[in-house]
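Okay, structure first, notes after.
The values are calculated or read from the model by the stated rules, or taken from the named source; none is laboratory data. No experiment lies behind these values; they were computed from the predicted model shown. So basically every Cβ, Gly included, is an ideal-geometry build from the backbone, and we count neighbours across all protein chains shown.
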Amino acid sequence: MTETVSAVLVLDGTEAAVYAYGLVAARLTGAERSRALSAMSWHRSQRDSLRSRITALGSTPPAAAAAYTPPFPVTDASTARRLAALVEDRLAGQWAALAGATPAAKRTQDALTAAACAVRQVSWSGTAPVWNGAL
């Protein structure tokens, strides 16, 4: 997969993450709500960087969807944490795939971004996924 195609896929996932964190933050309070809003802000920054990157690669970044449908109802703090963990898990994989399609000069940053998503996934879920090394 080319860097541009991979970047567009990550951009879509990142747009969905920004939306999801709005749902997550609405169901949390206190420090968890602050953490969700911080994650939303971080993903917005990643989104903006991806849009610039796609443009620099000679393509036009696609517009975000008007809304996204969560994979399950987000009705309380428990389901909000579950959604945050799922979003981060999916993005960790997408960023790792982008790192594999990226020239060496940018690969480290993409891998570090994947790692940041993986750490947030663990912080929301309380468990680390077992990866077999294959993407």
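Values for this structure:
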| item | result |
| --- | --- |
| Pair list, Cβ < 6 Å and 6+ apart or interchain, from the stretch 17-29 residues that are under 13 Å from residue 69 (Cβ atoms) to residues that are part of a helix (DSSP H, G or I) and modelled with pLDDT of 95 or more | 20/83; 20/87 |
| Residue 53 vs. criteria under 21 Å from residue 119 (Cα atoms), in contact (Cβ under 8 Å) with a residue 24 or more places away in the chain and either charged (D, E, K, R) or part of a loop (DSSP other than H, G, I, E, B) (or both) | no |
| Counted residues, the stretch 71-88 - those being surrounded by fewer than 16 Cβ atoms within 10 Å (Cβ to Cβ) and closer than 23 Å to residue 122 by Cβ | 5 |
| Contacts under 7 angstrom Cβ, first residue in the stretch 83-101 being more than 19 Å from residue 53 (Cβ to Cβ), partner outside any helix (DSSP H, G or I) and β-branched (Val, Ile, Thr), 6 or more apart | 83/74 |
| Count of the stretch 80-132 residues which are touching a Lys or Arg at 6+ places or on another chain (Cβ under 7 Å) and farther than 14 Å from residue 39 by Cβ | 1 |
| Candidates 59, 125, filtered to the one that is of a type in the set (S, T, N, Q), surrounded by fewer than 20 Cβ atoms within 10 Å (Cβ to Cβ), within 20 Å of residue 5 (Cα to Cα) and touching a residue at least 24 places away in the same chain (Cβ under 8 Å) | 59 |
| Of residues in the stretch 30-50 being of a type in the set (A, V, I, L, M) and in contact (Cβ under 8 Å) with a residue 12 or more places away in the chain, the one surrounded by the fewest Cβ atoms within 10 Å (Cβ to Cβ) | 37 |
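Condition check ((1) closer than 15 Å to residue 18 by Cα; (2) more than 12 Å from the chain's Cα centre (by Cα); (3) at pLDDT 95 or above; (4) not in a helix (DSSP H, G or I)) across all residues:
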| position | (1), (2), (3), (4) |
| --- | --- |
| 49 | yes, yes, yes, no |
| 61 | no, yes, yes, yes |
| 83 | yes, no, yes, no |
| 97 | no, yes, no, no |
| 102 | no, yes, no, yes |
| 116 | no, no, yes, no |
| 124 | no, yes, yes, no |
| 131 | no, yes, no, yes |
| 134 | no, yes, no, yes |
